[in-house]
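Student: Right, I'll just put the structure down here and ask away after.
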Amino acid sequence: MELVRESVAFFDELQTRVDIGLRHQGYLFVTRTPDGARTQAELVAAQRGWGLTDVELMDSSEARRRFPYLAPDIVSARFRPGDGWLEPRVLALELARASGARIRTGITVTGFHVKGDRVRGVTTTDGNVEAENVVIAAGPLSGPVGKLAGLDLPLATVRRQKLIMPNVPQVPEDAPMTIDFETGAHWRPAGTGAHALWTAPAPAESPLDDVPTSASFAFGLLDPSSDHALARIVPFWKDVWASSRLQWWLQAGQYTYTPDRRPLLGPTRIPGLAVNTGYSGHGIMGSIGGSRRAVDAITGKLKPGDNPFRPDRPMENRAFDVL
């Protein structure tokens with residue numbers, strides 16, 4: 001949460017100067033079961049204990065009054081209006097521009113340049129690059145890059161897909177991210193349409209630079225007969241499914257998970273080599289705070305004993321997060 005708070009403060013300030021598509025429209029978690037309602041209540045109590053005092057817990061009638069598109073059989077909802085989203089590509093390009101750094105693409109790292117016992121740079125298909133410190137920040141490809149240096153990072157890559165629908169008139173433009181608490185299926189407004197995702201547990205796959213999509217992912221979200229259909233908690237998705245004007249396409253990438261669902265930030269056991277990776281699906285939310293801590297750890301400002309994300313920390317397996 002500390003990483004997220006710092007990152008969101010940065011995004012809010014940046015949005016005053018550059019439109020990165022930042023929208024604070026909230027996250028709305030909706031449940032259809034009494035067990036889900038009890039868990040939601042426990043989560044709200046925990047979140048308030050962590051300092052999120054603006055998290056709301058609503059019963060069915062209050063949730064449907066405020067969000068009329070919800071199904072009549074929902075039991076409860078958890079809502080935080082300050083949550084939101086942004087455009088990752090726009091953010092990445094703005095960070096690259098503002099850094100003033102020389103950024104080169106289309107070049108493959110083939111190994112590491114070592115002098116004595118310290119990494120002093122990387123070897124690439126376009127020559128050597130010398131550096132006092134090298135940081136592996138390659139997302140799902142961080143594991144294979146680490147192996148080039150003999151580093152075995154505790155990372156697993158899982159395919160994640162996004163369903164993009166450019167024109168869905170049934171979606172309110174001011175709606176929050178709306179999440180089925182039982183299944184993890186969720187959607188949010190995007191332009192005149194919507195983006196929809198499903199982040200249920202999935203098997204680990206080999207890291208890929210070009211991740212394939214599957215049409216069954218779209219059908220699982222859109223077909224009302226699916227056990228994780230968007231229409232389970234929002235009936236207007238049945239009309240979307242039935243419309244002859246529905247258009248959609250898919251994008252795919254990979255989340256990079258650590259066993260404890262926390263990032264790897266800072267120096268590794270190999271002198272001169274650090275990591276900033278393994279955000280476990282929370283990349284954009286924790287990116288700024290995480291990257292600053294990685295830099296502080298590399299420069300010595302953050303000592304290993306004070307860095308709960310150091311790569312050599314003991315890890316316990318944690319349960320899968322819904323989002």
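The values are calculated or read from the model by the stated rules, or taken from the named source; none is laboratory data. As the structure is a computational prediction, the values presented were derived from the model and not from experiment. Neighbour counts run over all protein chains shown; Cβ positions are idealised from the backbone, glycine included. Surface accessibility is based on the protein's heavy atoms, side chains included, excluding ligands, DNA and RNA. Shrake-Rupley method; radii C 1.70, N 1.55, O 1.52, S 1.80 Å.
Student: Does Thr123 count as modelled with pLDDT under 95 and more than 30 Å from Thr53 (Cβ to Cβ)?
Tutor: Against the criterion (modelled with pLDDT under 95 and more than 30 Å from Thr53 (Cβ to Cβ)), Thr123 does not qualify.
Student: Within the stretch 19-44, which residues are among the hydroxyl-bearing types (Ser, Thr, Tyr) and under 21 Å from the mean Cα position of the chain (by Cα)?
Tutor: If the condition is that a residue be among the hydroxyl-bearing types (Ser, Thr, Tyr) and under 21 Å from the mean Cα position of the chain (by Cα), then Tyr27 is the only one that fits.
Student: Continuing with this model, one more query. Return the residue satisfying two criteria in turn: it lies in the stretch 45-58 and is closer than 16 Å to Ser76 by Cβ, open to solvent by less than 60 Å² (accessible area, probe 1.4 Å) and more than 21 Å from the chain's Cα centre (by Cα), and of such residues it is modelled with the lowest pLDDT.
Tutor: In this case the residue turns out to be Ala46.
Student: Filter the stretch 9-32 for residues that are open to solvent by 50 Å² or more (accessible area, probe 1.4 Å) and not in a helix (DSSP H, G or I); which is farthest from Glu182 (Cα to Cα)?
Tutor: So, considering only residues that are open to solvent by 50 Å² or more (accessible area, probe 1.4 Å) and not in a helix (DSSP H, G or I), the one farthest from Glu182 (Cα to Cα) is Arg17.
Student: Output the number of residues of the stretch 33-42 satisfying the condition of being more than 15 Å from Ile233 (Cα to Cα), surrounded by fewer than 19 Cβ atoms within 10 Å (Cβ to Cβ) and not aliphatic (A, V, I, L, M).
Tutor: Summing the residues that are more than 15 Å from Ile233 (Cα to Cα), surrounded by fewer than 19 Cβ atoms within 10 Å (Cβ to Cβ) and not aliphatic (A, V, I, L, M) in the stretch 33-42 gives 4.
Student: Output the residues belonging to the stretch 112-135 that are on the phi > 0 side of the Ramachandran plot and either among the aliphatic types (A, V, I, L, M) or open to solvent by less than 40 Å² (accessible area, probe 1.4 Å) (or both).
Tutor: Hits for the stretch 112-135 are Gly121, Gly127.
Student: Further question: Do we find a residue being among the aliphatic types (A, V, I, L, M) and either under 21 Å from Phe112 (Cβ atoms) or at pLDDT 95 or above (or both) anywhere in the stretch 313-322?
Tutor: No, the stretch 313-322 contains no residue that is among the aliphatic types (A, V, I, L, M) and either under 21 Å from Phe112 (Cβ atoms) or at pLDDT 95 or above (or both).
Student: Oh, and also: Residues to consider are Ala202, Ala185, Ala194, Ala138; find the one that is open to solvent by 30 Å² or more (accessible area, probe 1.4 Å), of a type in the set (Gly, Ala, Ser) and modelled with pLDDT of 95 or more.
Tutor: Among Ala202, Ala185, Ala194, Ala138, only Ala138 is open to solvent by 30 Å² or more (accessible area, probe 1.4 Å), of a type in the set (Gly, Ala, Ser) and modelled with pLDDT of 95 or more.
Student: Which of the residues spanning the stretch 86-124 are of a type outside the set (Gly, Ala, Ser) and touching a strand residue (DSSP E or B) at 6+ places or on another chain (Cβ under 6 Å)?
Tutor: Ile107, Thr108, Val109, Thr110, Phe112, His113, Val119, Arg120, Val122, Thr123, Thr124
Student: Which of (1) farther than 23 Å from Ala190 by Cα; (2) buried (at least 19 other Cβ atoms within 10 Å of the Cβ); (3) without any contact (Cβ under 8 Å) to a residue 40 or more places away in the chain is the odd one out, the single condition Ala63 does not satisfy?
Tutor: So the condition that Ala63 fails would be (1).
Student: Out of curiosity, is Ala96 under 25 Å from the mean Cα position of the chain (by Cα), farther than 25 Å from Asp174 by Cβ, small (Gly, Ala, Ser) and open to solvent by less than 60 Å² (accessible area, probe 1.4 Å)?
Tutor: Answer is yes for this residue.
Student: Turning to a different aspect of this structure: Tally up the residues in the stretch 145-168 that are more than 16 Å from the chain's Cα centre (by Cα) and open to solvent by 60 Å² or more (accessible area, probe 1.4 Å), please.
Tutor: The number of residues fulfilling the criteria is 4.
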